[in-house]
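Read the structure below first, then the notes.
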Amino acid sequence: MAWAADGKLAAAVSEAGGLGIIGSGHFDGEQTRAQIQIAKSLTDKPFGVNVMLLNRHVEEVLDAIVEEGVAVVTTGAGNPAKHIERLHAAGIKVIPVVPSVGLAKIMERTGVDAVIAEGMESGGHIGKLTTMAIVPQVVDAVNIPVIAAGGIADGRGVAAAFMLGAIGVQMGTRFLTAQESHIHRNYKDAVLKAKDVDTLVTGAYAGHAARVLKNKMSKNFIKFEKAESTKEEPDMLALEQLGNGALRTAVQDGDAEHGSFMAGEVAGMIHDEPTAAEILERTWAQATELLG
Ligand SMILES: Cc1cc2nc3c(=O)[nH]c(=O)nc-3n(C[C@H](O)[C@H](O)[C@H](O)COP(=O)(O)O)c2cc1C
């Protein structure tokens, strides 16, 4: 989770037996390296870095990842094909996030180690299919491991994902209110207060759909999108730029007027602020009980 998942949160997840992922978003090489070093100072366990392939600093971010010897790279917003050889040579597993069967197959052909099939219930940038629909279809289509993401916040979700054929899950929103999460108090409170129907999708018209909590920013965003989309010449540049920097504003300033409080539909079932270890322990205990 860009901005939200730093070295401290990732280390706490890894230390507790999960695979913590640092979100590098639009970071440059040094910002990425700094978070990797924080994680390394807090855990000896493997952790990963998510690389946003549209980031203009992507090459230096990858340099930092290779030099620091990170275990796993997950990728979003593009095709990691041209980076795979280099990452594999450094012993790094490559796991892209995919929103469709077609992309999962393309990724498999490029030699990735696994895919994360992500449904549109997720917080952050999303595709069009639901987790329940996409996971089994990707499982049927590829011969590499499939990790399920989107709408999973407890052991019931994990058990369901395993039933669909996934070998693991990626959880985002659940960790926003973890004690080790550094997001602004207003952002945490908004997640804790959210009901099932309190997310909406911004940016779909410009092709950058993102699930966020309802607030002043997202409601204005939707109004602007609706108004522009009915015009003969919509202001695509303004639409593209509307969400720029808005996640950072949410995480750092907790500003509901200008910040995109990205969160998934499961925000409605998050009512507490446990440690990352408590989240993992109870999630896994519930999943294993359900799965027998
Ligand atoms: C605040 C936030 C930021 C996110 N940023 C990224 C990102 O930078 N890259 C990415 O691949 N996924 C990102 N995601 C998606 C998560 O990695 C994860 O797949 C998703 O949250 C899973 O669905 P859930 O929110 O229902 O648990 C983000 C999600 C949230 C909530």
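Applying both filters, DSSP loop and at most 13 other Cβ atoms within 10 Å, to the trypsin sites (Lys or Arg not before Pro) of segment 89-159 gives LYS128.
In the full protein context, the chain carries 46 Å² of accessible surface per residue, based on a 1.4 Å probe and ignoring ligands, DNA and RNA. Annotation for segment 185-292: trypsin sites (Lys or Arg not before Pro) lying in DSSP loop with at most 12 further Cβ atoms inside 10 Å of their Cβ are LYS195, LYS231.
Each helix, a run of at least 4 DSSP H residues, gives -39500 (n - 2.57); summed and divided by the residues of the chain, these come to -13000 deg cm²/dmol at 222 nm. Working from Cα pairs under 8 Å separated by at least six residues, relative contact order for the chain is 16 percent.
Given contacts defined as C-alpha pairs under 8 Å and at least six residues apart, what's the relative contact order of segment 70-166, whole-number percent? Walk me through the numbers on the way to the answer.
Numbers: 175 pairs, mean separation 21.8, N = 97.
Once divided by the residue count of segment 70-166, the mean separation gives 22 percent.
With the simple spin-label model, which puts each label point 7 Å out from Cα in the Cβ direction, the GLN252 to GLU59 separation comes to 2.6 nm.
Determine, from the Cβ-Cβ distance of LYS223 and ASN143 and an R0 of 45 Å, the FRET efficiency 1/(1 + (r/R0)^6), rounded to the nearest 0.05.
On the way: r = 46 Å, r/R0 = 1.02.
So, using R0 = 45 Å, E works out to roughly 0.50.
Take the Cβ atoms of THR110 and LYS195, set R0 to 51 Å, and the FRET efficiency comes out at 0.80. Per q in 0.12, 0.21, 0.22, 0.27 Å⁻¹, report the Debye log10 I(q)/I(0) for segment 185-266, using one uniform scatterer on each alpha carbon and no solvent. Normalising to I(0) and taking log10 leaves -0.33, -0.90, -0.97, -1.32. Computed from the C-beta positions of MET269 and ASN186 and an R0 of 25 Å, the FRET efficiency is 0.80 to the nearest 0.05. Expressed as a whole percent, the accessible surface of the chain that belongs to carbon and sulfur atoms is 53, based on a 1.4 Å probe.
Scanning the chain for GluC sites (Glu not before Pro) that sit in a DSSP loop and have at most 12 other Cβ atoms within 10 Å, the longest stretch containing none of them is 1-231.
Converting phi to 3J(HN,Hα) with the Karplus coefficients 6.51, -1.76 and 1.60 and the offset θ = phi - 60°, segment 199-211 yields 10, 9, 10, 9, x, 4, 4, 8, x, 10, 4, 9, 8 Hz in sequence order, with x at every glycine or proline. Comparing mean-square fluctuations of GLY18, GLY207, GLY123 from a GNM of the chain with C-alpha springs under 10 Å, the top value falls on GLY207.
In this simple spin-label approximation, ALA81 and TYR205 carry label points 7 Å from Cα along the Cα→Cβ vector, and these lie 3.3 nm apart.
The values are calculated or read from the model by the stated rules, or taken from the named source; none is laboratory data. Everything numeric in this text was worked out from a predicted model, so none of it was measured. Cβ: placed from backbone, ideal geometry, glycine included. Neighbour counts: every protein chain shown. These accessible areas exclude ligands, DNA and RNA; they are computed on the full protein's heavy atoms, side chains included. Shrake-Rupley method; radii C 1.70, N 1.55, O 1.52, S 1.80 Å.
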